[in-house]
Every structure is written in C-alpha cells, then in structure tokens.
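The values are calculated or read from the model by the stated rules, or taken from the named source; none is laboratory data. On a predicted model such as this, the values are computed, not experimentally measured, just so you know. So basically every Cβ, Gly included, is an ideal-geometry build from the backbone, and we count neighbours across all protein chains shown. Note: areas computed on protein heavy atoms with side chains; ligands, DNA, RNA excluded. Shrake-Rupley method; radii C 1.70, N 1.55, O 1.52, S 1.80 Å.
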Amino acid sequence: MRDRPDDLDEELLRPALTAWGIEAATLNHAPVGFGDHHWIATGAGGRRWFVTVADARLRSYDELGRAMETAAALREEAGLGFVVAPLRAFDGATLRRLDGDRYAMSVFPYEEGTAGEFGDELPDADRGRLIDLLAELHTTPPPRTTPARPVELPGRAALEQALADTTLPWLGGPYSEPAQDLLASHAGTVRRRLAELDRLAARPGEPVLTHGEPHAGNVLRDGARLLLIDWDTVGTAAPERDLWLAARDEEDLARYTKATGRAVDRDLLALYRLRWALNDVAEFVAWFRAPHGRTADAEQSWDALTGTLQELAA
C-alpha cells in the first residue's frame, strides 16, 4: 500500500521484531504492493529484512497463517528455492498478532532484485522461466497446511446487495457516490458476468498447489534468478488459476503441458480471468462503501474499479 495505516502505531513494530531476534536500527515504510503494508528494517550491521503487516479484516488470521506456513514448508521441506518464504520467529511462528485482532506481521529475508507491476509483460525468457517454476510448483505435493481456494467469490453477497439496493446512498467517503453511480451504470454487465462465472465454474478442474497471483508484480528478477514473492493466496485450485496470469500464448501453454504432462483447459483460463475481475469489483465496492479518504490508495482503487468495469463491459 502507498498510504500508511492511520490506526496502526508503527512503534509496535520494533518490539515485535525482537521475536525474530531483530534489533532494528532503522525502520522505513515501503510504499509498494496493494493490500498489505510494508517496511524495510535495517540492523546495526546493515542487514535488512522485509516486514509485512496484513489487515486481518481482509483475510482471517488463521487463513493467512496457513498460507505463511505453507510458503515456509515449500522452502524448508520441499526445497523450492524460488519461494520467498517468511522467516520463523524464535517460537517457530511465521505470523504474529501485532495489536489484538486487527493486524498481523510476518518477516521475510530482504532479496535483491526488481519486480514489475501488475499488468506488465515479462520478457520472453523470464516468462518461460516463470512457466517452468509454476510447473514445478504444480507438481509439488501440497503441505498439510495448504488452504483450499474455491472458485466462489468471497465478497459476492455484498456485491449483489450493492447491485440490488439502489436507494440508500453510500456515505463512506469522497469516492462513495461516484462509485455507486458507476456500479449502477454497469449493473447489467456485472450480473451477466456473474452468471457467466457460475456457468464456467460448473467444472472446477483437478486441484494442484497454486501460487494464486503470479503476475509481474510478484516476480522478483535478479539477473538470471527468478523468485516468486507474496504467497498470501497460495492454495489448492486448478492450475489455470495461475496460468491465466503467467501464460501469453499457445507456446507458453505447450511448454507447461510438456513439463507437467497436463493439458490446459481454455474454459478454466477464462473462468479464472473472469473471477479475478469480479473479485476486484467486489473488493473495490466494499472499499468505497466503507469509510475512506481521498488518498493515493483510494485513487488507485478508483482507477482500477473504473478500468475493470470497462473491461467487463467490453
């Protein structure tokens, strides 16, 4: 996130880091990604760590904990060197509550490299290597902590309520009324797309271990080395959950099939592409119905909601 969380006392981070044996000489907010909050902690000797603070209102603490444990097991037990996994605290935990039930913190090794942005296209060589990494991931037995990732939209009920209730104004903040009008103007499109999602989801596919969001923003490149970051959404699902984001053409899909012996289902590619867009709409609608300000993150969310609805209509 670009904005610092207003309701989090950043001074809580320093004592919390001691659970990992980290005495932070400096702690700098890192305005990167979307969803979680990040800091870079630097010790007296110059060693750095990447600190992530997640809002447990967006995904449950237990669910996030299982995802972090899964990522750690993939690195420690399965030996997947491309997994940037959370470090374990002295008590073995990969996730710790920071201030009651609201925020939870994980600590990661600081990795050198460059990540892109969501929507960026990887160079051909990097994309090929990413397909190979996903093939390796998808053929790895899921650790026992791995959560299932069903196709159903977690925010669907609230989205359908927002579509049905056009009388009560949204009063969360400066983007509430424009967002309500925007959703109303695309209501027919969203309803049709939800029906299409239901049709495509009738055959969900055989589950494997998936990353969930292997787009350019979660691919860290350091020379010839490729790493996958942000394992919050790791879980079992059809492989197309990853492939629609990673593969660009038939050559990529053929490369995946050769590596895994598994044919790619085009209908499931369409399913997960559509699910991503509708999930974004549901999350942004929830954002703008809730209290918010005119911030950089709110502006980014507004642009994303507008673009996503336009794409769904097209």
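List of remarks:
- At least 1 residues being modelled with pLDDT under 95 is the threshold, and among the strands (runs of 3 or more DSSP E) wholly inside region 195-314 those reaching it are 219-222, 225-228.
- Among the residues of region 155-174, those that are without any contact (Cβ under 8 Å) to a residue 60 or more places away in the chain and surrounded by fewer than 16 Cβ atoms within 10 Å (Cβ to Cβ) comprise Ala157, Glu160, Gln161, Ala164, Asp165, Thr166, Thr167, Leu168, Pro169, Leu171.
- Selection within region 213-261: residues that are in contact (Cβ under 8 Å) with a residue 60 or more places away in the chain and open to solvent by 40 Å² or more (accessible area, probe 1.4 Å). The member of this set that is nearest to Arg75 (Cα to Cα) is Ile229.
- Applying the condition of being free of Cβ contacts under 8 Å to residues at least 12 places away in the same chain and not hydroxyl-bearing (Ser, Thr, Tyr) to region 2-27 and asking which residue is surrounded by the fewest Cβ atoms within 10 Å (Cβ to Cβ) yields Asp6.
- Only one of the numbered conditions (1) open to solvent by 30 Å² or more (accessible area, probe 1.4 Å); (2) out of contact with any Phe, Trp or Tyr (no Cβ under 8 Å at 6 or more places or on another chain) is not met by Ala187, and that is (1).
- Residues satisfying the stated conditions in region 28-59, i.e. over 23 Å from Gly217 (Cα atoms) and either surrounded by 14 or more Cβ atoms within 10 Å (Cβ to Cβ) or under 14 Å from the mean Cα position of the chain (by Cα) (or both): Thr42, Gly43
- Arg192 meets the conditions (1) in a helix (DSSP H, G or I); (2) under 30 Å from Met105 (Cα atoms); (3) of a type outside the set (Asp, Glu) in every case but one. The failed one is (2).
- All of Phe108, Phe118, Phe90 fail the test of being under 19 Å from the mean Cα position of the chain (by Cα) and either modelled with pLDDT of 95 or more or part of a strand (DSSP E or B) (or both), apart from Phe108.
- Some residue of region 121-138 being closer than 30 Å to Ala224 by Cα, of a type in the set (Val, Ile, Thr) and surrounded by 12 or more Cβ atoms within 10 Å (Cβ to Cβ): yes
- In region 298-310, residue nearest to the chain's Cα centre (by Cα) [restricted to those that are over 13 Å from Pro174 (Cβ atoms) and surrounded by fewer than 17 Cβ atoms within 10 Å (Cβ to Cβ)]: Gln300
- All conditions but one from (1) in contact with a helix residue (DSSP H, G or I) (Cβ under 7 Å, 6 or more places away or on another chain); (2) in contact (Cβ under 8 Å) with a residue 12 or more places away in the chain apply to Glu283; the one that does not is (1).
- Taken over region 14-27, the criterion of being under 26 Å from the mean Cα position of the chain (by Cα) and either outside any helix (DSSP H, G or I) or farther than 19 Å from Asp91 by Cβ (or both) is satisfied by Leu27 alone.
- Verdict on Arg248 being over 17 Å from Phe108 (Cβ atoms), touching a Gly at 6+ places or on another chain (Cβ under 8 Å) and of a type in the set (D, E, K, R): no
- Checked against the criteria, Ala78 does not count as more than 16 Å from His37 (Cβ to Cβ), open to solvent by less than 30 Å² (accessible area, probe 1.4 Å) and in contact (Cβ under 8 Å) with a residue 24 or more places away in the chain.
- Where Ala71 falls short, out of the listed (1) touching a strand residue (DSSP E or B) at 6+ places or on another chain (Cβ under 9 Å); (2) closer than 30 Å to Thr257 by Cβ; (3) in a loop (DSSP other than H, G, I, E, B): (3)
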